[in-house]
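Participant: Here it is, the structure, as structure tokens.
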Amino acid sequence: MALNDAAKLLGQARHVVVFTGAGISAESGVPTFRDALTGLWSRFDAQSLATPQAFQEDPELVWGWYEWRRRLVQQVRPNHGHLAVARLAAHVPQLTLITQNVDDLHERAGSEAAVHLHGSLFAPRCATCSRPTPSPATPEQPAEGRRIPPPRCAHCGGPVRPGVVWFGEQLPEEALFAAAQAASQCDVLLTVGTSGLVYPAAEIPRLAARSGAAVLQVNPEPTPLDPIATANLRGPAAEILPALVSAAWS
Ligand code: APR
């Protein structure tokens, strides 16, 4: 299906779900996870950085790595893909934005109430008592791999951890419930910049398809979501999304 036909579907939709992954932030300069060479998991070991065990064993390494990522995100800006998603909300009767990303680029682009399935780099909490803690002052650009001692919880003295969902951890229940509900009720789901490999998040586009919604995929590469998609729009998000919104409401 061509872009104009996909735009027609979008233009007629009552309830649109936008489901995003790391690819939507790639053109802002935030590395994805699985892209060859540039992806974080081709440069860093997920097991020694993104698991509760890793934080237990070496909290300074893990905290330092997330501080590096947080600083990087603070230095970049939303791109035309994020801006198009924010614009889309003004055009459709109902929009639910669900993201796997832990950056705040959707919010900085003007999107409201993004459902963060994998948490956020800007919501640290105590690893012992789970109380949210304010984000510490951002250090000058921490070098990659630099160890930084995590701050201590003001309430119980426990170490503060990044507010992200690590491998082996449950997704936030409320966010997952809101995402599943929206996916089962929407009539169009736009999936952007995700490899569709990490569950349970990757179930969301599939749930929408099973519930009768049209799935529109934006990704320069094929993914396991191709077979369930009504349209596979091959290209970068910052190009395809503005074109889609303009074609739907020009
Ligand atoms: N525009 C659109 N898509 C892009 C772009 C771009 N400019 N650049 C890359 N992509 C696509 C890639 O082709 C790939 O399919 O984005 C996808 C990124 O996939 P992943 O790196 O696997 O990221 P994601 O799907 O978000 O990962 C899911 O895995 O590591 C965990 O918790 C982490 O939330 C993350 C989850």
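Every number here is computed from the coordinates shown, using simple stated rules; none is lab data. Computed from a predicted model, the values in this text were never measured in an experiment. Virtual Cβ from ideal backbone geometry, glycine too; neighbours counted across all protein chains shown.
Participant: Provide His82, His118 in ascending order of the number of other Cβ atoms located within 10 Å of each residue's Cβ, fewest first.
Facilitator: Lowest to highest Cβ neighbour count: His118, His82.
Participant: Which cysteines in the chain lack any other cysteine whose Cβ sits under 4.7 Å from their own Cβ?
Facilitator: Cys186
Participant: Write down the Kirkwood hydrodynamic radius of segment 78-224, to one decimal in angstroms, obtained as one divided by the mean of 1/r over all alpha carbon pairs.
Facilitator: About 17.2 Å, per the Kirkwood formula over Cα pairs.
Participant: Using C-alpha positions alone, give me the convex hull volume of the chain per residue in cubic angstrom.
Facilitator: 116 Å³
Participant: Starting from the Cα gyration tensor of segment 25-78, take the square roots of the eigenvalues, sort them a ≥ b ≥ c, and report rounded, prolate or oblate (rounded when a/c is under 1.5, otherwise prolate if a/b is larger than b/c, else oblate).
Facilitator: Note, shape of segment 25-78 comes out oblate.
Participant: Per Stokes-Einstein, at 20 °C and 1.002 mPa s, what whole-number D in µm² s⁻¹ belongs to segment 119-180, with the Kirkwood radius over Cα pairs as the hydrodynamic radius?
Facilitator: 163 µm²/s
Participant: Starting from the eigenvalues of the Cα gyration tensor, five times each then square-rooted, give me the equivalent ellipsoid semi-axes of segment 162-238, largest first, whole Å.
Facilitator: For segment 162-238, the ellipsoid semi-axes come out as 22, 16, 10 Å.
Participant: Where in segment 33-55 does the amide nitrogen come within less than 11 Å of the point 7 Å from the Cα of Glu169, taken along Cα to Cβ?
Facilitator: The answer is 50-55.
Participant: What longest region of the chain stays clear of GluC sites (Glu not before Pro) that DSSP places outside H, G, I, E and B and that have at most 14 other Cβ atoms within 10 Å?
Facilitator: 1-111
Participant: Please find, in a Gaussian network model of the chain (springs between Cα atoms separated by less than 10 Å), the residue of Pro227, Pro31, Pro172 whose mean-square fluctuation is greatest.
Facilitator: Maximum fluctuation in the GNM of the chain, among the listed residues, is at Pro227.
Participant: Give the long-range amide H neighbours of Leu97: residues separated by 5 or more places, or on another chain, with amide H under 5 Å away, using H modelled in the peptide plane at 1.01 Å from N.
Facilitator: Val18, Val115
Participant: Among Ser25, Ser120, Ser211, determine the one that fluctuates most according to a GNM of the chain built with springs between C-alpha atoms less than 10 Å apart.
Facilitator: Ser211
Participant: Which percent of Cα pairs goes in each bin when the distances of segment 15-110 are cut into 5 angstrom slices starting at zero?
Facilitator: Going from the shortest bin to the longest, the percentages are 3, 12, 20, 21, 17, 12, 8, 5, 2, 0.
Participant: Oh, and also: Once you charge only the Cβ atoms, +1 for Lys and Arg and -1 for Asp and Glu, what is the size of the charge dipole of segment 126-249 about its Cα centre, to the nearest 20 debye?
Facilitator: Computed about the Cα centre, the dipole is about 380 debye.
Participant: For a quick check of your reading of the filter: which trypsin sites (Lys or Arg not before Pro) in segment 103-200 sit in a DSSP loop and have no more than 15 other Cβ atoms within 10 Å?
Facilitator: Answer by residue number: Arg146, Arg147.
Participant: Just want the ordering: Ile228, Ile24, from fewest to most Cβ atoms lying within 10 Å of their own Cβ.
Facilitator: Lowest to highest Cβ neighbour count: Ile228, Ile24.
Participant: On a C-alpha basis, how far is the centre of segment 111-135 from the centre of segment 166-221 in Å? Whole number, if you could?
Facilitator: After rounding, the separation between the Cα centres reads 20 Å.
Participant: Let me ask something else about it. What relative contact order, as a whole-number percentage, does segment 63-130 give when Cα pairs under 8 Å and 6 or more residues apart are counted?
Facilitator: The value is 33 percent.
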